[in-house]
Amino acid sequence: MAAALYSPNHCCSSPSSLAAAAAYSNSNSSSIGFHKNIIIPFSVKRKVLGSVVLQSNCGGGHLSNAAILMQDGALATKMAATGEAPPKNLKEGLLSVPPPVERKAPIDSDVNEGKSTVSITVVGASGDLAKKKIFPALFALYYEGCLPEHFTIFGYARSKMTDAELRTMVSKTLTCRIDKRENCGEKMEQFLERCFYHSGQYDSQQNFSELDKKLKEHEAGKVSNRLFYLSIPPNIFVNAVKCASLSASAANGWTRVIVEKPFGRDSESSAALTTALKQYLQEDQIFRIDHYLGKELVENLSVLRFSNLIFEPLWSRQYIRNVQLIFSEDFGTEGRGGYFDHYGIIRDIMQNHLLQILALFAMETPVSLDAEDIRNEKVKVLRSMRPIRVDDVVVGQYKNHTKGDVSYPGYTDDKTVPKDSLTPTFAAAALFIDNARWDGVPFLMKAGKALHDKRAEIRVQFRHVPGNLYNRNVGTGLDRATNELVIRVQPDEAIYLKINNKVPGLGMRLDRSNLNLLYKARYSKEIPDAYERLLLDAIEGERRLFIRSDELDAAWALFTPVLKELEDKKIIPEYYPYGSRGPVGVHYLAARYNVKWGDLGVDE
């Protein structure tokens, strides 16, 4: 119901994300000892059917009510004397909310007229992820007007650098790829003026205390909220979190930490990491980021299913024959072999990106769009999954290959990779969900590097039409008679449905055609990068697209046993040429379950 009232401004997240911001200064979202009676500095608050919806600066409204978060976490409201009429009922049960009325008096002069500030610290600011993804995403949010009015960005790393040098480094990766291009140069300068740098060690409380002093200078007495993005190796996560929590937490607002994968390399190391982080942070302060959950087509997966009557009744074992989750890259480790060799493709892609998409695809209808309701359903799926057998897994490793005059190196040709490495660069697996909806339906996933193309997609192959009258017209190729729904996550985002139709003419000849929604043809607006959406969600306190600790435990519980068996038995990967479709064994795996990989068709 609240969703029907929500303003469609493109910057803002879902109603649940804004409602989640009501936990703005909750004791669970700040370090121990923080003040808990805080005025929430959002620009609009509306009460809808007993739930509070808070609108950030993206909505552009004015404050008509003051919302106060009490020490016990309850939300008390003080209604402004605006003379507004109570909401009126409209058709189909919707509510009409009168426009907000501007307050002429400040809410609370003790917090600088009720205004707050957000300080974003990129820990590991000199690294590739920060330069190529995080800073550009923050600039895009600023360009679109989605960041709070008062914000500061700090880079923190061991490298010695001045503010000016950081700005020069960052400016090289900023692009004006957004619709409004006419004042991009001006916006870029304004953004860079908000960027600062502090050099320090990741395990030094003193260095983080110095950072804290600089942050306070920029916060200038406002309600301070702090977001730390850990763009650093996992072995120093805990040290950085400890120092940030003890020496640089917000004094009177929230403190949140974004943690990049990998979240351990098995159940034991993941649990140890979670335990260590929770010594200094509450669970709802930890934002475990999986950037694939921020992809536009992954977000659209739930919309496609739950808001279209033609799909929801078909979303079960009765109509779906198999589901395929496919990820491929057309390049190798490219100098990252040392890092990759410690994890491999299963840990790098399958255990997180593809498994998260599978959980979203297969979950039951959540109670609401609230983050916890969605994550509860995902956990149920993960806990219902059958243990993976080694016989249902194929692993491969790319070898050198010459095509024309170009020679492509093999995985072990990388100087950072041991010559005898058995680490898979390709893997495929058959997974099963033992519940009433999906019993017996194979979920096939495959992921690999140095393949023939780059793609990430979900393929849903439906069952054959029983007693199909047109079998003679199709011939023996039963797969040609199968409807298939394809959700292409990247590149060229699209959703298309393969159907059978008659070829024009006097005869009866069938053809397979696509009902196609190609995003770049349908929408002129460029699709935001996944990091933009996830950073905005973290600032607003929306956790729907971040991974909860019990989700992580369930994911590792599924993959840890098979990973251990593969490594203990030293199973040799099947070699495949650089630029090929992968090892031959992947086709035998699919055939075992009477499945043909959908990305092999001539229409691809």
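The values are calculated or read from the model by the stated rules, or taken from the named source; none is laboratory data. For clarity, every value in this text was computed on a predicted model and none was experimentally measured. All Cβ positions, glycine included, derive from the backbone under ideal geometry; neighbour counts span all protein chains shown. When the accessible area is computed, the model is the full protein with side chains, heavy atoms only, and any ligands, DNA or RNA have been set aside. Shrake-Rupley method; radii C 1.70, N 1.55, O 1.52, S 1.80 Å.
Between V367 and N239, what's the calculated FRET efficiency when r is the beta-carbon distance and R0 is 30 Å? Round to 0.05. All intermediate terms of the calculation are to be shown ahead of the outcome.
Numbers: r = 39 Å, r/R0 = 1.30.
The calculated FRET efficiency here is 0.15.
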The simple spin-label model distance between D434 and H401, using points 7 Å out along Cα→Cβ, in nm, is 3.8 nm
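What is the gain in length, in nm to one decimal, between F311 and T162 on full extension, counting 0.36 nm per residue of separation less the C-alpha to C-alpha distance? All intermediate terms of the calculation are to be shown ahead of the outcome.
On the way: separation 149, 0.36 × 149 = 53.64 nm, distance 5.49 nm.
Extra length from F311 to T162 when fully extended: 48.2 nm.
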Could you sort K525, K596, K449 by accessible area so the largest value comes first, with the probe set to 1.4 Å?
-> K596, K525, K449
Counting only backbone N atoms under 11 Å from a point 7 Å out along Cα-to-Cβ of S269, the residues of the stretch 326-358 in range are 340-344, 347-348
Give the long-range amide H neighbours of S119: residues separated by 5 or more places, or on another chain, with amide H under 5 Å away, using H modelled in the peptide plane at 1.01 Å from N.
-> T152, N225, R226, L227
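Translational D (Stokes-Einstein, µm²/s) of the stretch 213-370 at 4 °C and 1.567 mPa s when Rh comes from the Kirkwood sum over C-alpha pairs? Write out the running numbers ahead of the final one.
Values: Rh = 18.9 Å.
So the translational diffusion coefficient is about 69 µm²/s.
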Area accessible to solvent at E484, 1.4 Å probe radius, in Å² = 0 Å²
What nm distance separates the two modelled labels at S513 and H464, each placed 7 Å from Cα along Cα→Cβ?
-> 2.5 nm
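Just the number please: accessible area per residue for the stretch 117-259, 1.4 Å probe, all protein chains included, in Å².
Working: 5510 Å² over 143 residues.
Ligands and nucleic acids excluded, the result is 39 Å² per residue.
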Please list, in chain and number order, the residues 5+ apart from G332 or on another chain whose amide H is under 5 Å from its amide H, with Hs placed from the backbone.
-> A450
Once the piece of chain linking Y593 and I499 is laid out straight, how much longer is it, given 0.36 nm per residue of separation minus the C-alpha distance between them?
-> 31.6 nm
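Please compare each pair in K295/K419; K160/K419; K278/K564; K415/K570; K132/K295; K446/K569 to a cut-off of 25 Å on the Cα-Cα distance and tell me which ones are over it.
Numbers: K295/K419 36 Å; K160/K419 36 Å; K278/K564 27 Å; K415/K570 22 Å; K132/K295 17 Å; K446/K569 21 Å.
Those over the limit are K295/K419; K160/K419; K278/K564.
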Kindly report, to the nearest 10 Å², the accessible surface of H150 as traced by a 1.4 Å probe over protein heavy atoms only.
-> 50 Å²
Read phi for every residue in the stretch 428-433 and hand back ³J(HN,Hα) as whole Hz from Karplus 6.51 cos²θ - 1.76 cosθ + 1.60, θ = phi - 60°, with x for Gly and Pro.
-> 9, 8, 9, 10, 9, 10
Spelling it out for D414: with amide H atoms placed in the peptide plane at 1.01 Å from N, the residues 5 or more places away or on another chain with amide H under 5 Å from its amide H are none
Ratio of the stretch 415-540's C-alpha Rg to 2.2 N^0.38 Å, to two decimals?
-> 1.48
D_trans [Stokes-Einstein, Kirkwood Rh over alpha-carbon pairs] for the stretch 235-294, 10 °C, 1.306 mPa s, µm² s⁻¹ = 130 µm²/s
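Skip the ligands, DNA and RNA, and give the accessible area per residue of the stretch 267-379 with a 1.4 Å probe, whole Å². Walk me through the numbers on the way to the answer.
Numbers: 4060 Å² over 113 residues.
Roughly 36 Å² per residue, with all protein chains present.
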Where in the stretch 486-515 does the label zone of V303 land, with the point 7 angstrom along Cα→C-beta and an amide N cut-off under 16 Å?
-> 487-490, 493-496
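Please compute the alpha carbon radius of gyration of the stretch 125-248, then divide it by the globular-protein estimate 2.2 N^0.38 Å. Two decimals is fine. Walk me through the numbers before you get to the answer.
Numbers: Rg = 14.8 Å, N = 124, 2.2 N^0.38 = 13.7 Å.
Cα Rg divided by the expected 2.2 N^0.38 Å: 1.07.
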Three principal axis extents, largest first, for the C-alpha atoms of the stretch 276-354, in Å?
-> 46, 38, 22
Top to bottom by accessible area (1.4 Å), largest first, where do K415, K160 land?
-> K415, K160
